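Participant: Input: one structure, supplied below.
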Amino acid sequence: MSSSTKTTALLRPLDRFWLCEAIRLREARGEPLEDRAANRLARASGGDLQQRILQRALSLAERDGQLAALQHYRHGAGLALLLLALLALLSGAGLAFAALGDGVRPVNVFWALGSLLGLNLLMLALTGASLLLGDGNGLLTRLWRWLSDLLARDVQAAQLAPALMLLLQRQRLNRWVFLLLSNGLWLLALLSALAMLLLLMSTRRYGFVWETTLLGSNSFIGLIQALGALPALLGFSQPDAQMIRASGELALNDPAARQVWASWLLGVFIIFGVLPRLLLAVFSLWACRRGLKRLALDLSLPDYQLLRHELLPDSEYLGIVSAAPELPSLLPSGHSLEQSDGALLVAIELDDQRQWPPALPKGVADAGNLDTREQRQHLLDQLSRFPPARLLIACDPRRSPDRGSLALIAELARSATATRIWLLPAAPGEALDADRLADWHLALKQLQLPFAESACLNWLETGHD
Amino acid sequence: MTKALRLAVVGHTNVGKTSLLRTLLRDVDFGEVSHRASTTRHVEGARLSVDGVALLELYDTPGLEDAIALLDYMERLERPGERLDGPARTSRFLESSEARQRFEQEAKVLRQLLHSDAGLYLIDAREPVLAKYKDELAVLSGCGKPLLPVLNFVSAGHEKEQAWRDALARLGLHALVCFDTVVPPQDGERRLYESLALLLEKSRPSLQRLIDDHAAQAEARLQSARQLIAELLIDCAACRQQVVAEPAAERAAIEQLHQAVRQREQRCVESLLRLYAFRKDDALTTSLPLLDGRWSDDLFNPETLRQLGIKLGGGMAAGAATGAGVDLLVGGLSLGAATLLGALAGGGVQTARSYGKRLLGKFKGQHELSIDDNILRLLAVRQLQLLQALGQRGHAAMHKLQLPAAEASLWSDSKLPAALRKSRAHPEWSALNPRSPASSPERQAQIAALAEKLRGES
């Protein structure tokens, strides 16, 4: 555990984003991951959504071996970089050798310059063109994919290469990384060539000539002086016209002239070869640094939005604060009344859209529509004094059968010899909620009261159906 | 750090208190909801946070069932010659023995309201203003906490909103919010919190933060949903299969393709449901688009296409009916060779390889199966409709997802969006194709472009 925390602590931000992207790609392929432990860890670690997603990805990657694969990648990349740097150093040195030759024959300044700068400038132009035209990614992407296909032999690592590509592309970092890499390597090669040039020129004697068959010498003088103008500003020496003309005939044996030519050659090489690469490398390094600092997850991606619910829940259950009470159940105490007479119709909590009361047969009294406490109290008082033989209670099944209404019904029923409930039908064109009607049936069954959905006015009048 | 605002959701039994919590919390699993009265008999809470900071605590309470008797009892607690104010009367009631017996459920509600900063008084707008509701309000206002009436079931049609407004105004409650828990209005949540902020001036910053965060999240959800749909469409558009040119093999391949597309669509539906925090089985068993209602129509049935108003050309009808146009690479030799040359010149090894394979297939007498344009249109319309329905659905909704009758005008008289046309040529972008590599930046870019296009359509 301690070693693993050490390795995770060593991870740079780029690695964490990289792993996160790799995990996202794995999940996007419809591969469900067992992530409960990772989610728990991420929730416990706190922070904003991005931090939690990164933490989750890290624990998943650690568990499934992507972290190890990433370390391999990094080692491999380091090794490859070392090899490339070595290659750059060697080829730089070789460039210098090839340009100056063995010192037996005089050095043709244009051939030397061409071999030192030509390939470099050509590649620079090509890179520039490919970045300006097109999106500049096509070739590179394909190369990368080919490489990653070659490298990704195991399942764990399969998503790592595309993940890095996607991650870098999102911040437009890929082109800066590519520019840093190519310019850095070229810079290394050119510096190695420069060192080799200095070494060779310090330890060997070179004569410098220029040769032409077609062109006149004046154009050469102009060209050489134009090339040397910029280096001359920085203190490199510039051959004068006479020296140039003399060098056109044969290599000068004058040590001063050799020094001037060597200084000119170095100046042109540094200004037009090393300096541009140096500037580009520094600039792309700066751009890379800036991009890396701004590296962030694209939280609008569906995969991350889906994680939000798990990792940063907006709502959190607080549990039951106060448990359900045991309530006394309502039961009509069906005591028989000794003196009861007459029939009564009463309604409970009807709304004003209903025509009430209906046409009543003779001998049936109407107790109206009960709503307020006073009305209830008044009727209960009356019933206790003059209990009816038959009581019909009309209810609107659109109301909910709450405890208050049921208690009222039970109390009314206690003050009559026989009680029936009339569950009123819905108004024309409307339908009753079947669920709520079933609730009424259940509640009335518990009260042991007979109910019907039609008016039992006949029963109310005569006492039998 | 400031303490989270505490709200008690109170009201008569069976008016949808638990439903309101579910909708506000976007949590389909909170509490228990049923048509039965007094389903919730305990007090249950949940907390809303933004970036890990708790802002709001909501408490679900049992319904008040016997307010008339309770108010009667509370008034009788006043001794002769005594004049108690609301809170004093409430606390005397809570100390009485009936608060632990007959009125225990009501006592829980009042205790919770006393512990809260404010109460949301939920009203079933279909109900007339009965005396028992007025008594309820009298009991509740006895707690001395601000009450915000919330009208539920306002979308049911026969609501008595004005009657309630008048009745509440007589009781001194002038602020009122309409919030249907099943079909919450687009800005209902914002209006609810803003009205609360008027009652609780001190909590305005945290309520505003909640409003802002929820709006930002709704936008992010919508964007993600469009990306999910775009991904589905790209997967289907880029899908292609090589098949030997024999009737039996072709039929089998087409059948296989049907299955693959339907499974892929189902995956998209499930992801959308998860994104909108609905249950996965909300769609699978009860409101599965592919199984019930109009969605049970086969995806590749030309009748479905006709219903959706997508015009089918005579020749195309057959293609739509089979669900895949058979791209025969007519004159494939010259066309393919040119493409091959172009691809090679472009230096695209990958492209050359896939085109090469297709050419080889042509020589071997194979056909190429891809998914018809109209199927893509249909998929897009269906998913956008589902998305719209999910956006309007409250988390208390128990009914099946009812999708409106399709009026598909999506890209029907014009070409498919560029992203889809482009992905036709990139089999490697489709997750439906075997051995497709992991997601590439180009695919991601096309998904983003298509999602942006879908924003304009929805």
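Only the coordinates and a few stated rules stand behind these numbers; no lab work does. Keep in mind the model is a prediction, meaning the values are calculated, not measured. Note that each Cβ is placed from the backbone with ideal geometry, even for glycine, and that neighbours are counted across all protein chains shown.
Participant: What does the average come to when, for each residue of peptide B:62-75, you count the partner chain Cβ atoms lying within 10 Å of its Cβ?
Facilitator: 4
Participant: In addition: If you take all C-alpha pairs in segment A:239-388, what percent of them are over 19 Å apart? Each step should come with its number before you reach the end.
Facilitator: Values: 9099 of 11175 pairs.
Pairs farther apart than 19 Å: 81 percent.
Participant: Give the calculated FRET efficiency between A:Leu437 and B:Ala215 to the nearest 0.05, with a Förster radius of 45 Å applied to their Cβ-Cβ distance. It would help to have the intermediate numbers written out before the result.
Facilitator: Details: r = 41 Å, r/R0 = 0.92.
Efficiency, rounded to the nearest 0.05: 0.65.
Participant: Based on other C-beta atoms within 10 Å, arrange B:Leu222, A:Leu70 from fewest to most.
Facilitator: Values: B:Leu222 20, A:Leu70 23.
Exposure proxy ranking, most exposed first: B:Leu222, A:Leu70.
Participant: Want the number for A:Leu360 to A:Glu249: 0.36 nm per residue separation, take away the alpha-carbon distance, what's left? Write down the numbers at each step before the final one.
Facilitator: Working: separation 111, 0.36 × 111 = 39.96 nm, distance 13.94 nm.
Value of the extension gain: 26.0 nm.
Participant: Would you mind ranking B:Leu233, A:Leu86 by Cβ crowding within 10 Å, fewest neighbours first? Mind dumping the intermediate values first?
Facilitator: Working: B:Leu233 28, A:Leu86 11.
Neighbour counts put them in this order, fewest first: A:Leu86, B:Leu233.
Participant: Taking Cα pairs under 8 Å and at least six residues apart, what relative contact order does chain A come out at, in percent? Present the calculation step by step, with values, prior to reporting the outcome.
Facilitator: Working: 513 pairs, mean separation 67.6, N = 465.
Computed value for chain A: 15 percent relative contact order.
Participant: Under unit Cβ charges (Lys, Arg +1; Asp, Glu -1), what dipole magnitude, rounded to 20 debye, does chain A have relative to its Cα centre?
Facilitator: Details: 43 positive and 42 negative charges, 593 e Å.
Rounded to the nearest 20 debye, it is 2840 debye.
Participant: Which order results if A:Val107, A:Val282, B:Val28 are arranged by neighbouring Cβ count within 10 Å, fewest first? Present the calculation step by step, with values, prior to reporting the outcome.
Facilitator: Numbers: A:Val107 23, A:Val282 14, B:Val28 18.
Going from least to most buried by this count: A:Val282, B:Val28, A:Val107.
Participant: With only Lys, Arg, Asp and Glu charged, each at its Cβ (+1 for the first two, -1 for the last two), find how big the charge dipole of segment B:5-199 is about the Cα centre; round to the nearest 20 debye. Working shown, then result.
Facilitator: Numbers: 25 positive and 30 negative charges, 54 e Å.
Charge dipole of segment B:5-199: 260 debye, to the nearest 20.
Participant: Would you kindly work out the equivalent ellipsoid of segment B:115-221 from its C-alpha gyration tensor and give its semi-axes, the square roots of five times the eigenvalues, largest first in whole Å? The partial results should precede the final answer.
Facilitator: Working: eigenvalues 127, 72, 18 Å².
Semi-axes from the Cα gyration tensor: 25, 19, 9 Å.
Participant: Quick one: Debye curve from the C-alpha atoms of segment A:343-462, no solvent, what's log10 I(q)/I(0) at q = 0.11 Å⁻¹?
Facilitator: One equal scatterer on each Cα of segment A:343-462 leads to -0.33.
Participant: R0 = 41 Å: FRET efficiency of B:Asp72 with B:Glu194, Cβ-based, nearest 0.05? Write out the running numbers ahead of the final one.
Facilitator: Details: r = 37 Å, r/R0 = 0.90.
That gives a FRET efficiency of 0.65.
Participant: Also, I was wondering about something else. Charges on Cβ only, +1 for Lys and Arg, -1 for Asp and Glu, centred on the Cα centroid of segment B:5-199; of B:Leu192, B:Leu71, B:Val33, which one is farthest towards the dipole's positive end?
Facilitator: The listed residue farthest towards the positive side: B:Leu71.
Participant: Give me the distance between the Cα centres of segment A:77-103 and segment B:70-110, rounded to whole Å.
Facilitator: Spelled out, the Cα-based centre of one part sits 95 Å from the other.
Participant: Can I ask one more? Among B:Ala167, B:Ala46, B:Phe179, pick out the residue whose Cα is farthest towards the positive end of the charge dipole of segment B:5-199, where Lys and Arg carry +1 and Asp and Glu carry -1 on C-beta, about the Cα centre.
Facilitator: B:Ala167
Participant: Starting from 0 in steps of 20 Å, tell me what percent of the Cα-Cα pairs of segment A:9-311 lands in each bin.
Facilitator: Distribution as computed: 27, 40, 23, 10, 0 percent.
Participant: Among A:Phe97, A:Leu215, A:Ser45, which residue has its Cα positioned farthest towards the positive end of the charge dipole of segment A:9-311, with +1 placed on the Cβ of Lys and Arg, -1 on the Cβ of Asp and Glu, and the dipole taken about the Cα centre?
Facilitator: A:Ser45
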